[in-house]
Structures are given as structure tokens and as C-alpha cells.
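A short worksheet on the structure shown next.
The values are calculated or read from the model by the stated rules, or taken from the named source; none is laboratory data. Predicted model only: the values in this text are computed from it and were never measured. Here the Cβ positions follow ideal geometry from the backbone for every residue, glycine too, while neighbour counts run over all protein chains shown.
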Amino acid sequence: MLRKTTTLLFGTFLGAASILAVQSLTPRTFSSLALAAPQTADSYRQIAVFGDVFERVRAQYVTPPDEKKLVENAINGMLTSLDPHSSYMDLEATRDMRETTKGEFGGLGIEVTMENDAVKVISPIDDTPASRAGVLAGDLIIRINDEDVRGLTLMDAVDKMRGEVGTGIKLTLVRSGADKPIEITLTRAVIKVEAVRYRVENDVGYIRVIQFSEQTYDNLQKAVRDIQEKIPQNRLKGYVLDLRLNPGGLLDQAVKVSGAFLDKGREVVSTRGRDADDVVRYNADKRTGDLTGGKPLIVLVNGGSASASEIVAGALQDYRRATVLGTQSFGKGSVQTIIPLGENGALRLTTALYYTPGGRSIQGKGITPDIIVEQPLPDELKGYKVNYGESELKGHIKGNEEDEKGSGSAAYVPREPKDDVQLNEALKLLRGEIASAAFPPDPNKGLPK
């Protein structure tokens, strides 16, 4: 039986860094991946055709091709035909992937995926070269340093955007609503992404989880303790957990963050693979419990909330521990397994879908907030496309609960809290200044304790 360590990837594709969930599969699960259905005679014939084509290209193409690139591109072509999140990673890309779990990487600070032969920006990371240069969610990068990205894999494009800190790079963007392509010049920097930011909003604790990296749960603990020191318990109205523009990250951190607001040992998420009995369940730590002592909680989500952030929002919503407020989340409910290939890098392969404690698959659907609150766009963004979701990605796996509405919504959060309609609505609910039938949530309507 094979016992190599594998990794579950729960984050959306990220350009400057791939945010992933380091989580060993059980030997049974990995064995089921390795011992797939035996090849048929037709499969062998197709492989022979590939070998024949490869030899003819290698021997007869007008110029000697790079054989290594030929094979890598062929592999990526096979994988990207499956879904947008399966791909091949060479050794350098694999090393980069490991480094990003620490919450620090070199680059421009943009989260991207591949769409229609262009690199699509999911979201710029706050206070990075990309955000300062005005890169917006939904922008399509069509050229890097005047080189067309058409024909490049996502990782190839990412490699070109990376480089020595302090060096310049020019990106050509296509933006919905713009008459012509936009050219911007950026300077590469070390991107240090804080996992958690927090502040006191008078009598409410505000906690924003930016990504689920190795430091997230520890940072969250510190944030809760600090808020409790600054606001006496008899004055503390509750907490706002802001998961907007959070692209995902480590699975174990998503489970720990969920457990920070739940009773000990509750199931947070399960994954289900091809086989009916291929189910893995992840529970909150039995040694810890609700760090907030049961204080009211509102979770904010929008179209930039994906994967691990949807795990947290879904778990807290199913148990009626929190009221989810905002707009439809991204809807990435698939699991990518990182399978090491030794000196040849690694294979990122979609192997399962994840489900909330109540049994919901949010693949292509997303988390529907208990209270829908739209965030108005500023004048400079009106007319541009700022909505996106998993259901819009070409070749995505259709979810069990996906419908014609699809997933996703606007991925926009104002920089100034005074302009943040969603946050201010949450603060008013916690302070009792307005009423809603969805807040506070009725625990009797949640899952059994």
C-alpha cells in the first residue's frame, strides 16, 4: 500500500501564492487514488497514439522542440480539461506552494486563476503592489512585459510575474467596461500577508480573517483575548467575523477557526470522493471550545469568500451559531489533492467535494447569507464587472445544488469603514439598533448538539 504524504488544497488558485491546506490523507484514501480502475485496451491504444505524436513532433517539427516542455504542456492540457483547479506543478512551483503556507511570499500580491487563455484576477491583496496600482477583481491579464499570456499555463504566467524584489514589471489588463486595454507598471515586493486583523468598534469586536495560513488560529486567539481585555464583558455586544475577499487556505486552520466559536468536538466539514464510502470527517478540537463564551456572532461574506472561508461560514451557519450577512460566496467546494511526483514536481488533482455539517455541497452554489445586504459600488467601479464565482469558471465541476443562478457575487469591500454598508449593518444588528428575523439565530433550528 502506498503511504506517501499528500496535501489537500482548499484555496482558489492564487497567482502570487497558492494557498493550500496541508493535510495528510489516510492510507486507505491515498490507496484508493493510486489503485484506480485498470486501464482498458482502448486506454493503451490512446497512450500509444500520444507516444506516436510525441515522437513525430520531436523528430519532424520545423525547429527542435523543448521535449520537457512538450510533456509538461501535454500533462497540463489533460488536467485542465478536467476542471479549472487540476494542474501539474514542476519542482519550483511545488516549492513555491510550500512556502506560501507560511503567509509570506515574493510577488505582486494578486490572487488569480486561468480563464479563456488569460489570467483572471480574483482579488488583489490589501496593501501590495497590485492593490496600490489599482488592479481590480475581474481584470484579465493578457500580457506580461509585452509577452502574450495566450498559450501559457497558469504557473508559467505566475513565474513570469515573480522575480527579484525591487524589479519592475508591466501588466496589460482587459477590464470589463473599459474601451481599451490598461497598462500598469508595478515593482515587485515581498508580500507579507497578515492572517488576521482586528479592532474594537466601540462595543463590538471586529475580526477580519484575510487568509487561512499557519498563523491564522493563533492570531485569532490573540485577537479575541485583546478585544476582551479592551471591552468589559458586560459591554461587549458581540463579534463580527469578516471573511470577505478571503480566498481560502489551510484546511486545519479552517477547522480550528470554526471550532473557536463552536462547542467542543463538533463536525466542521466532511469530504466525499468518487466512492460512496470515501468519506473523511473533520471535527473541532475536543480540548477547546467557544473562545467568545457564546457572544453573538455575525459572519460577513461576499463573492471573494471562497473555499476555506466557506467552510467556516457554512459550519457556523448550519449550527446556527452565527448569522451570515452579505452576498453569495464564491462557491468552491472541491478538494484538490497534491500528489508528490518525486523529482518531477507534483500533481494537483481534484479528488473530492466537501460538505458542510448539514450535508450541503456548495460547489457552484456558494453560501447563501441569512441576511442579504448588497454593497454599493463607488462611481469609479460602476459599469465594471466585479462579480465572479466558481460557476463562471470554464469547465468547473457542476455542484449537486448548483442552479441557474450559479455562485458568486460582487467582490468589493470599501477601504473606509464608514462606507462599508455590510459592516455597518452588522454593527447595528449586534447593538440592537435594527431588528431582523434572522438575528440572533435560533439555535433550536440548527443541527443537534
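Some points to look at:
- Residues satisfying the stated conditions in the stretch 269-318, i.e. assigned to a loop (DSSP other than H, G, I, E, B) and closer than 25 Å to Asn234 by Cα: Thr288, Gly289, Asp290, Leu291, Thr292, Gly293, Gly294, Lys295, Pro296
- Which listed residue is free of Cβ contacts under 8 Å to residues at least 40 places away in the same chain and surrounded by fewer than 24 Cβ atoms within 10 Å (Cβ to Cβ), from Lys295, Lys264, Lys237: Lys264
- The stretch 382-417, residues that are surrounded by 20 or more Cβ atoms within 10 Å (Cβ to Cβ), farther than 22 Å from Tyr355 by Cα and of a type in the set (Ser, Thr, Tyr): Tyr412
- Residue in the stretch 311-319 that is free of Cβ contacts under 8 Å to residues at least 60 places away in the same chain, closer than 18 Å to Gln211 by Cα, within 15 Å of the chain's Cα centre (by Cα) and crowded, with 22+ Cβ neighbours inside 10 Å present: yes
- Inspection of the stretch 275-291 identifies no residue that is surrounded by fewer than 16 Cβ atoms within 10 Å (Cβ to Cβ) and closer than 24 Å to Asn424 by Cα.
- Tabulated pairs, the stretch 366-380, first not assigned by TED's automatic domain parsing to the domain that holds Ser329, second surrounded by 14 or more Cβ atoms within 10 Å (Cβ to Cβ) and at pLDDT 95 or above, C-beta under 8 angstrom, 6+ apart or interchain: none
- Filtering Ala254, Ala276 for residues that are within 21 Å of Leu349 (Cα to Cα) and out of contact with any helix residue (DSSP H, G or I) (no Cβ under 9 Å at 6 or more places or on another chain) leaves a single hit, Ala276.
- Out of Ser436, Ser334, one residue alone is surrounded by 15 or more Cβ atoms within 10 Å (Cβ to Cβ) and small (Gly, Ala, Ser). It is Ser334.
- Only one of Phe30, Phe50 that is among the aromatic types (Phe, Trp, Tyr), in a helix (DSSP H, G or I), more than 20 Å from Ala306 (Cβ to Cβ) and at pLDDT 85 or above: Phe50
- The set of residues in the stretch 163-185 being farther than 17 Å from Ile122 by Cβ and either of a type in the set (A, V, I, L, M) or in contact with a helix residue (DSSP H, G or I) (Cβ under 8 Å, 6 or more places away or on another chain) (or both) consists of Val165, Ile169, Ala178, Ile182, Ile184.
- Restricted to the stretch 418-430, and to residues there that are within 28 Å of Asp379 (Cα to Cα) and either touching a residue at least 60 places away in the same chain (Cβ under 8 Å) or of a type in the set (S, T, N, Q) (or both), the residue that is surrounded by the fewest Cβ atoms within 10 Å (Cβ to Cβ) is Asn424.
- As a summary of the residue check, Ser176 satisfies the conditions (1) under 24 Å from Asn302 (Cα atoms); (2) free of Cβ contacts under 8 Å to residues at least 12 places away in the same chain except for the one numbered (2).
- Ser213 modelled with pLDDT under 95 and over 28 Å from Lys385 (Cα atoms): yes
- Unique match (being more than 25 Å from the chain's Cα centre (by Cα) and closer than 30 Å to Arg132 by Cβ) among Leu427, Leu447: Leu427
- Ser305 vs. criteria in contact with a His (Cβ under 8 Å, 6 or more places away or on another chain) and either touching a residue at least 60 places away in the same chain (Cβ under 8 Å) or of a type in the set (A, V, I, L, M) (or both): no
- Those residues of the stretch 69-110 which are touching a Leu at 6+ places or on another chain (Cβ under 7 Å) and at pLDDT below 80, in sequence order: Met97, Thr101
- Criterion (of a type in the set (Asp, Glu) and closer than 18 Å to Ser123 by Cβ) met by exactly one of Asp242, Asp318: Asp242
- Residues being in a loop (DSSP other than H, G, I, E, B) and buried (at least 16 other Cβ atoms within 10 Å of the Cβ) - total across the stretch 195-213: 4
- The stretch 85-96 residues that are farther than 21 Å from Ala306 by Cα, paired with ones that are in a strand (DSSP E or B) (beta carbon under 7 Å, 6 or more apart): Tyr88/Leu347; Met89/Ala346; Met89/Arg348; Thr94/Ala346
- Contact map, the stretch 431-449: first residue aliphatic (A, V, I, L, M), second residue modelled with pLDDT of 95 or more, Cβ cut-off under 7 Å, separation 6 or more or different chains; pairs are Ile434/Lys428; Ala438/Thr323; Ala438/Asp370; Ala438/Ile371; Leu447/Asp318; Leu447/Tyr319; Leu447/Pro357; Leu447/Gly358.
- Just one of the listed residues (Val312, Val386, Val301, Val373) is of a type in the set (Val, Ile, Thr) and at pLDDT below 95, namely Val386.
- Residue match in the stretch 230-240 (condition: small (Gly, Ala, Ser), part of a strand (DSSP E or B), outside the structural domain of Gly134 (by TED's automatic domain parsing) and closer than 22 Å to Arg415 by Cβ): no
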